[in-house]
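The values are calculated or read from the model by the stated rules, or taken from the named source; none is laboratory data. None of these values were measured; they are calculated from a predicted model. Note that we place each Cβ from the backbone using ideal geometry, even for glycine, and neighbour counts take in every protein chain shown. Heavy atoms of the whole protein, side chains included, go into the accessibility calculation; ligands, DNA and RNA do not. Shrake-Rupley method; radii C 1.70, N 1.55, O 1.52, S 1.80 Å.
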Amino acid sequence: MTSPKSTRPMGRDEHWLTVTKPTATTRFFRTFLPWQFIRFIVINVKMVRIIAMGHHPKRS
Amino acid sequence: MGARVVVLGSGIAGHTAASFLRKWLGKEHEVIVVSPKTDYNWIPSNIWVGVGLLRPDQVLFPLPPVYKRAGIDYRQAKAVAIHPEGTGDDHQACVAIEYTSPEKLGQQERVAYDYLINATGPKLNFDATPGLGPDKNTVSVCTADHAAHASQLLDEKVERMRKGERQKFLVGMGHGTCTCQGAAFEYIVNLEFELRHRGVREMADITYLSNEYELGDFGMGGLHLRQGGYVTPSKIFTESLFAERGIDWVTRSHVSKIEPGRVFFETLAGEEKELPFDMAMLLPPFRGAALSAFDRNGADITARLFAPSGFMKVDADYTAKPYEEWRAADWPRTYQTAFTNIFAAGIAFAPPHPVSVPRQSPKGTNITPAPPRTGMPSAIIGKAVARSIVDMIHGAKEPTQTASMAEMGAACVASAGANPFTGTAASITVFPIVPDFEKYPEYGRDLNHTFGEIGLAGHWIKILLHHLFLHKARMRPLWSLIPE
Ligand SMILES: Cc1cc2nc3c(=O)[nH]c(=O)nc-3n(C[C@H](O)[C@H](O)[C@H](O)COP(=O)(O)OP(=O)(O)OC[C@H]3O[C@@H](n4cnc5c(N)ncnc54)[C@H](O)[C@@H]3O)c2cc1C
């Protein structure tokens, strides 16, 4: 994705000269289907682990 | 003899609690839901209504048929007052309700209970800021109606841009003490995505305006993620996401007033500033629902059950103390109140204090995000409270379940553009939600379980969750197997 250049608010703080931006490779993998299928599974597993840590019987 | 459990509210917390109560309790026990609106709203998907991608009826469905099928007694009414000791000589605890259904509009009734769950969620406090709200100068996505109104205004603005008129969009927090930054974040990135999709992005200036000290605070004091060989604060990722999309941002701000097309705000540094806008989606701060409480003699005991914010006081440590002394143990675990048969679940409970570092402007204005109150903990708390009540009905002396936000994690998917092939979302897991610096001294959280990633997979998960959670809320087959 390219940043729409004409929307840079000239004259205001130009935050994005000092921020981290993704490289073209990072951006490519964000929507690269084979990689995203794998990530779909990995993220689901991570989320299920968090859910499993959810609430507990009371321990006194 | 059977027990009667009354649930106030049919949002994420109340509906989850009522569904599980009905599942776990035998037919000799009664479950009653009191809620003013007949529709269930899957609120997280309101974001997509607000940018015109979904219709309101795709995020709403009527609850009465679901309750009828499940055997839950539903009253279309709002709770007004709680009488935990009963009234006069009648020692039966009850709650006063006022009907909102067209047939019984305004009629009052007292509903007796053995156990009560207050899951009345937030009151959207637009009045906290002059000029804020859909009836005034800004739009909101907090309800499906608000979101539909936002979408209409967006269409108008797109038309103007197509005719060559530049438009300024402002999205964020309408007050210095707002929470729900995640929703504003989702709305602004979805808005940007949609404007690109409609071919007018070059004509739009988009700015995020927030009470957060840094972007990525989200009312959780930010979070840290392991990535690329570094432990990186959420500020870096959030700024990156905005910069990549050409979204400007202003943080550390308290919106003090909104006039048509102009927002006035005070910064932590003490400056008074203003920004022009053509369309502003600014979220309101939250209060608790306006409920009162009375003892048997009619004396007002609201302050015993409720904090000044209107949220219900539960088993948290509400002692006022400085930030340095805040502990994970301050957060409630069972959500039981001073009355052992009254519980609060979801947004309705009063948090002990914020999570983010509290800050004030030189004028003394509080510019601190309120603690996060997302859907997953709301549902988990609703279910835990339901289980405790079921066990107490079956003889347990005290609540059997705990669900402290300082002991549970959250999984959250923030949409960053809705398209099955080009869309993305930020998938985040965090453990625990409220940082515990005694257990995890450096960052307050377990970095093995705190994770974040942006990609198309997150969008697919968001779609999946939309359908799964609506299926669950409709109590369709196997609903109870779907996790909170
Ligand atoms: C735009 C938006 C997007 C969001 N996105 C996400 C997300 O992606 N993920 C996430 O986890 N969370 C998200 N959240 C937060 C999530 O929606 C809330 O955490 C959740 O709805 C809280 O549940 P609740 O049951 O406490 O309150 P609610 O869902 O608000 O339910 C409150 C219920 O109480 C009823 N009520 C009100 N007053 C009374 C009364 N006096 N008597 C009886 N009933 C009453 C209401 O009608 C309603 O039924 C989002 C919030 C917003 C606004």
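In the stretch B:3-123, Cα pairs under 8 Å separated by at least six residues give a relative contact order of 32 percent. Listed by chain and number, the aspartates and glutamates whose C-alpha is less than 20 Å from the C-alpha of B:K462, apart from same-chain residues fewer than 8 away, are B:D57, B:E186, B:E192, B:E194, B:E453, B:E484. Take the Cβ atoms of B:A329 and B:R160, set R0 to 45 Å, and the FRET efficiency comes out at 0.25. The simple Förster model, with R0 at 30 Å and r as the Cβ-Cβ distance, assigns A:I41 and B:H197 a FRET efficiency of 0.60.
Over 22 Å, how big is the tail of the calculated P(r) for the stretch B:52-205, in percent of all Cα pairs? Result for the distance tail: 60 percent. Measuring max minus min along each principal axis, the C-alpha atoms of the protein assembly as shown give extents of 72, 47, 47 Å (largest first).
Take each residue of peptide B:386-398, count the partner chain Cβ atoms within 10 Å of its Cβ, and average: the result is 1. Taken over the stretch B:155-290, the alpha-carbon convex hull comes to 131 cubic angstrom per residue. By how many degrees, between 0 and 90 and to the nearest 10, does the Cα long axis of helix B:456-473 differ from the longest principal axis of chain B? That works out to roughly 20 degrees. Based on Cα contacts under 8 Å between residues 6+ apart, chain B shows a relative contact order of 17 percent.
The slack between B:H394 and B:R110, meaning 0.36 nm per residue of separation minus the straight C-alpha distance, is 99.7 nm. Only lysines eight or more places from B:K383 in sequence, or on another chain, were considered; those with a Cα closer than 21 Å are A:K58, B:K23, B:K27, B:K68, B:K313, B:K397, B:K472. The residues of chain B have, on average, 38 Å² of accessible surface per residue, using a 1.4 Å probe with all protein chains present.
Using C-alpha pairs under 8 Å with a sequence gap of at least 6, the mean separation divided by the residue count of the stretch B:368-484 gives a relative contact order of 20 percent.
The mean number of partner chain beta-carbon atoms within 10 angstrom of a residue's beta-carbon across peptide B:451-461 is 6. For the stretch B:6-93, the calculated P(r) over all alpha carbon pairs, in 10 Å bins from 0 to the bin holding the longest distance, is 15, 38, 30, 12, 4, 1 percent. The alpha carbons of the stretch B:302-381 occupy a box of 44, 28, 22 Å along the principal axes, longest dimension given first. Take the Cα of B:K321, step 7 Å toward its Cβ, do the same at B:E28, and the gap between the two points is 4.5 nm. The stretch B:3-78 and the stretch B:304-328 have Cα centres separated by 28 Å. Histogrammed with a bin width of 10 Å, the alpha carbon distances of the stretch B:335-399 distribute as 19, 37, 24, 14, 6, 1 percent, first bin at zero. What is the distance in Å between the Cα centres of the stretch B:333-408 and the stretch B:89-141? Their Cα centres are 19 Å away from one another. Binning the C-alpha pair distances of chain B at 10 Å intervals from 0 yields a P(r) profile of 4, 19, 30, 27, 15, 4, 0, 0 %, listed from the shortest bin outward. Assuming a ≥ b ≥ c are the square roots of the Cα gyration tensor eigenvalues, decide whether the stretch B:370-442 counts as rounded (a/c under 1.5), prolate (otherwise, with a/b larger than b/c) or oblate. It is oblate, given that a/c is not under 1.5 and a/b is not larger than b/c. One Cα centroid belongs to the stretch B:283-300, the other to the stretch B:449-470; the line between them spans 37 Å. Note on the stretch B:248-381: Kirkwood hydrodynamic radius from all Cα pairs is 17.4 Å, rounded to one decimal. Using only the alpha-carbon atoms, how far is helix B:144-162 inclined from the longest principal axis of chain B? Give it as 0 to 90 degrees, nearest 10. It works out to around 10 degrees.
Per-residue surface analysis assigns B:C180 an accessible area of about 50 Å², computed on protein heavy atoms at 1.4 Å probe radius. Each peptide in B:428-440, B:210-222, B:360-372 was scored by the mean count of other Cβ atoms within 10 Å over its residues; highest first, the order is B:210-222, B:428-440, B:360-372. Within the assembled protein chains, the solvent-accessible surface assigned to B:H467 is about 110 Å², based on a 1.4 Å probe. Here the spin labels are modelled as points 7 Å beyond Cα on the Cα-Cβ line, and at B:S292 and B:F339 they lie 1.5 nm apart.
Accessible surface comparison of A:V48, B:V33, probe 1.4 Å, protein chains only, largest first: the order is A:V48, B:V33. Rounding to the nearest 10 and keeping the result within 0 to 90°, find how far the Cα-based axis of helix B:181-197 lies from the longest principal axis of chain B. Computed tilt is about 40 degrees. Using a Förster distance of 30 Å, how high is the FRET efficiency between B:R476 and B:S101, based on the Cβ-Cβ distance and rounded to 0.05? Step by step, r from the Cβ atoms, then E = 0.75.
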